[in-house]
Amino acid sequence: MTGPAVSTITIQNNRLAILGLYAFAVISVFLSGCMALLTIYEAFMQHGHAFMRWLGAVQWAGGAFCLLYLGWAVWGRAGLAEFARAQLDEAGLHLRLGTRKKPKESFFAWGQIGAIYKQLAGGNWVITVSGKGEDYAWYTPYDVFRYMKLANLIAARSGVGITVLPPYKAPA
């Protein structure tokens, strides 16, 4: 283990990137509304074969539903990313993940960090900080945008190397 850190480092996600996620969510919900109007137009205002009109209407309705769901999901991810924060100070690592209503606060003293794992799970990297006891905290690039910078800082301050695990495969 190295000595205590000299300065306090706080890592938060970029506010402009968070604003971009919120804007993307709002724009996709707006486009979903436009697609819903096109559904009505395609079904009732067009002339021609009924099957082709309703097929087009079903396609526009499916697109409207998918964009609405995408906007809702991106809005939720932006809320998670906005709240995430990691602070590295003299005492140890303070991780704040989760949401405002259900925060997940974790604290690890520098001497209590047992291992840092990096693993690919389902096409996404997962960084797990494990204490010497049974406590652990994990985060993904969706939580902390600069996830490897944070892992490298934790490893440097705690004196524990990053262990790369083989990709996770869920049991069948």
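Laboratory data are not the source of any read-out in this text; all were calculated from the coordinates shown. Predicted, not measured: the structure shown is a model, and the values here were computed from it. FYI the Cβ positions are ideal-geometry reconstructions off the backbone, even for glycines, and counts take in every protein chain you see.
Data overview
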read-out: Mean Cβ count within 10 Å, highest first, over the residues of peptides 80-86, 156-162; value: 80-86, 156-162
read-out: For q = 0.11, 0.18, 0.25 Å⁻¹, Debye-computed log10 I/I(0) when each Cα of the stretch 15-81 counts as one equal scatterer; value: -0.34, -0.64, -0.91
read-out: Between helix 50-83 and the chain: long-axis angle, C-alpha atoms, 0 to 90°, nearest 10; value: 20
read-out: Relative contact order of the stretch 15-81, defined on C-alpha pairs under 8 angstrom at six or more residues apart (%); value: 49
read-out: Net charge contributed by nearby residues that have their C-beta within less than 11 Å of Asn152 (K/R +1, D/E -1); value: +4
read-out: Selected from Tyr136, Ser106, Leu38, residue furthest toward positive end of dipole (the stretch 1-139; charges at beta carbon); value: Leu38
read-out: Around Leu88: net Lys/Arg minus Asp/Glu count, Cβ-Cβ under 12 Å; value: +1
read-out: 0 to 90° range, to nearest 10: angle between helix 15-40 axis and the chain longest Cα axis; value: 20
read-out: Label of the coordinate-derived value, Rg and Dmax of the Cα atoms in Å, listed as [x] 17.5, 58; [y] 22.7, 78; [z] 19.9, 67; value: [y]
read-out: 0 to 90° range, to nearest 10: angle between helix 147-158 axis and the chain longest Cα axis; value: 10
read-out: Residue pairs, from the table Lys101/Lys132; Lys118/Lys169; Lys104/Lys149, whose Cα atoms sit over 26 Å apart; value: Lys101/Lys132
read-out: Geometric extent, Cα atoms of the stretch 55-156 - Rg, Dmax (angstrom); value: 17.9, 63
read-out: Residue-count net charge about Arg100 - beta-carbon cut-off 13 Å; Lys, Arg +1, Asp, Glu -1; value: +3
